[in-house]
Amino acid sequence: MRPSASQSWPLEAPDWILNGPEWLNDLGYDFYKSFVFDNRYQMYIKGLGNTLLLTLLALLIGVALGVVISLIRVSWDKNHTEMQGPGKFFLGFFNALAKVYLTVIRGTPAVVQLMIMYFVIFASSRNKVMVAALSFGINSGAYVAEIIRGGIMSIDTGQMEAGRSLGFGYVATMRYIILPQAFKAVLPTLANEFIVLLKETAVAGYVGLTDVTYAGNIIGGNCYDYLFPLLMSALIYLILVMFFTFLVGKLERRLRSSER
Amino acid sequence: MSADIIQAMDLQKHFDGGDIKALNGVNASVKKGEVVVVIGPSGSGKSTFLRCLNLLEVPTGGKVLFEGVDITDKKADINLHRQKMGMVFQHFNLFPHMTILRNMTLAPMKLLKKSQADAEAKAKALLERVGLSDRANAYPSQLSGGQKQRIAIVRALCMDPEVMLFDEPTSALDPEMVGEVLEVMKELAKEGMTMVVVTHEMGFAREMADRVIFMAEGKIVEEGTPEEIFMAPKQPRTRDFLAKVL
């Protein structure tokens, strides 16, 4: 027989737990200290906000970076044999830079990149969300670049030829004709990248950023009991991912119905 | 018929470091208002020749003069010259993410700086001519092959080109749709448009061509009026080909 439950509780439990059925007391107390005591539920909400903000900012940075990198790579691959002069030199230089970027970013863990970013490069910055968003954005950009490059390559070469034959230059044809089609083609994949990114930001706690994971971790430590806090973190991710997966599915169906 | 609008001088196109010679010294000229039809077996280099005329294919040797300007020169602004050389492709290459009207007004608005009203007025007039006014707001996916190709032709015409280049415009069409496209091309020829047409439609060549060029193995084997080529070909290679296709 364990001693009376209330004696093993370091916190004072409210009456609504003590007055409830006895078999529910332990469970109720665990719930109380994980979410209610000290307004701990607010920490999960704060974590949720940070996780969403971080993911959104990182995706924006990632897409911007990915478009630029993929354009450099595609332009170089398709045109370098016919180019010459300083144009070729600059494009070649940026292409080499892009390749180094892709290799380094995809060849090292996101956590290590994040820690280097926060503890070394931006050691003087206190703005954890911005630094982490930048770090995840740079990380995501490498993957987005390859997604968009695949999208551009999937567009029939006849589209480029049709644009050029009307008198559009390479850049204008890309802008008006190729990229809009490529974007439409990769939109579901990009949306999936957002979902992947959402879960990848779970390591933000390494630099002390209170995201969904870190919130669960801290509260678990405070309660000396990780069960409810970590389950809560997991549940938040699960609901988010299920919600966004549902949206991506809707998006895919809509795109398919407007297919040629 | 006046001065040469296009002149191809000793065009060479080698692929794979010179192993494959798609074009091997092609000399040809096109006069203003002339309809030139290029025929030949597949792999003879006729499409490559056509694509070299607006530099979609960059020749590895030789020159192309358009309105007297060497457009193969690195200093020439090829985009500017291409505005005056309309091109129609075997696979239409309409822009699938835009309506028919937008397909037709994009280049005039962006490149010729026409107002939307002007560009649309011209596009609608052209649509009227090819009998597709009711499809202005449709997307390419909603059209048949023959309709797509007619749109592709008028899209090129929206730029008021000096020359129209046709790269096997009916080869990808179902047989019953070939006629409607050829009809549009015939009308264009009658209006005096300068045309270079690569095709397998011998009937069109006979009826509409001012001059027929027969190509084989990357060279021009024979050229002349349709009567000369179809009735009395001089080269055995030409006779051989015509015996197979007629």
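Throughout, read-outs are computed from the coordinates displayed, never taken from laboratory work. In this text, all values refer to a predicted model and were calculated from it rather than measured experimentally. Here the Cβ is made from the backbone with ideal geometry for all residues, glycine too, and neighbour counts use every protein chain on show.
Structure above, values below:
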quantity: Residues of the stretch B:191-208 with amide N under 15 Å of a point placed 7 Å along Cα→Cβ from B:L246; calculated: B:201-208
quantity: Nearest-20 debye value, the protein assembly as shown charge dipole, Cβ charges on Lys, Arg, Asp, Glu; calculated: 700 debye
quantity: Highest-fluctuation residue, A:L91, A:L134, A:L71 considered, GNM on chain A with Cα pairs under 10 Å; calculated: A:L91
quantity: Ratio of the Cα radius of gyration of the stretch A:93-211 to 2.2 N^0.38 Å, where N counts its residues; calculated: 1.33
quantity: Alpha carbon centroid spacing (whole Å) that separates the stretch A:87-154 from the stretch B:59-122; calculated: 38 Å
quantity: Distance histogram in 10 Å bins (all Cα pairs of the stretch A:145-184, percent per bin); calculated: 34, 56, 10
quantity: Extent along principal axes [Cα atoms of the stretch B:37-109; Å; largest to smallest]; calculated: 39, 34, 19
quantity: Estimated Rh, the stretch A:159-260: Kirkwood, alpha-carbon pairs, angstrom; calculated: 16.9 Å
quantity: For the stretch B:136-231, size of Cβ-based charge dipole, Lys and Arg +1, Asp and Glu -1, in debye; calculated: 320 debye
quantity: Overall dimensions of the stretch A:58-127 as given by Cα atoms, namely Rg and Dmax in Å; calculated: 15.5, 48
quantity: Stretch gain in nm, segment A:L24-A:V196, where the contour uses 0.36 nm per residue and the Cα spacing is subtracted; calculated: 58.1 nm
quantity: Over the stretch A:1-128, volume per residue of the alpha carbon convex hull, in Å³; calculated: 198 Å³
quantity: Entries of B:K74/B:K114; B:K32/B:K75; A:K78/A:K99; B:K46/B:K190; B:K84/B:K114; A:K88/B:K75 with Cα pairs more than 18 Å apart; calculated: B:K74/B:K114; B:K32/B:K75; B:K46/B:K190
quantity: At most 11 other Cβ within 10 Å, DSSP loop - GluC sites (Glu not before Pro), the stretch A:180-260; calculated: A:E259
quantity: Pair A:F246, B:Q235: separation of 7 Å Cα→Cβ label points (nm); calculated: 7.0 nm
quantity: At least 24 Å along the helix axis (C-alpha) and Kyte average at least -0.5, DSSP helices within chain A; calculated: A:41-79, A:85-107, A:128-153, A:179-200, A:227-257
quantity: Choice from B:I153, B:I213, B:I78 showing the highest fluctuation, given a GNM over chain B with Cα pairs closer than 10 Å; calculated: B:I78
quantity: Stokes-Einstein D for the protein assembly as shown, Kirkwood Rh over Cα pairs, 10 °C, 1.306 mPa s (µm²/s); calculated: 58 µm²/s
quantity: Ranked B:L165, A:L235, B:L182, criterion: other C-beta atoms within 10 Å, fewest first; calculated: A:L235, B:L182, B:L165
quantity: Averaged over A:153-162, number of beta-carbon atoms from partner chains that fall within 10 Å; calculated: 4
quantity: Per residue Cα convex hull volume in Å³ - calculated over chain B; calculated: 132 Å³
quantity: Hydrodynamic radius (Kirkwood) for chain A, which is based on Cα pairs only, to one decimal in Å; calculated: 21.7 Å
quantity: At R0 = 56 Å, FRET efficiency that the Cβ-Cβ distance of B:Q142 and A:K46 yields, to 0.05; calculated: 0.65
quantity: Distance-filtered residues of the stretch B:130-167 - backbone nitrogen under 13 Å, label point 7 angstrom along B:K124 Cα→Cβ; calculated: B:133-137
quantity: Candidates per trypsin sites (Lys or Arg not before Pro) in the stretch B:1-101, loop by DSSP, up to 16 other Cβ within 10 Å; calculated: B:K32, B:K74, B:K75, B:K84
quantity: Theoretical gain in end-to-end length, B:E228 to B:V69 [0.36 nm per residue, Cα-Cα removed]; calculated: 54.1 nm
quantity: Cross-link reach list, aspartates and glutamates versus B:K113, counting only Cα pairs under 19 Å and skipping chain neighbours closer than eight places; calculated: B:D77, B:D160, B:E162
quantity: Likely footprinting exposure, B:D70, B:D167, fewest C-beta neighbours within 10 Å first; calculated: B:D70, B:D167
quantity: Zone residues, the stretch A:52-76, relative to A:A96, backbone N less than 17 Å from point 7 Å out along Cα-to-Cβ; calculated: A:72-73, A:76
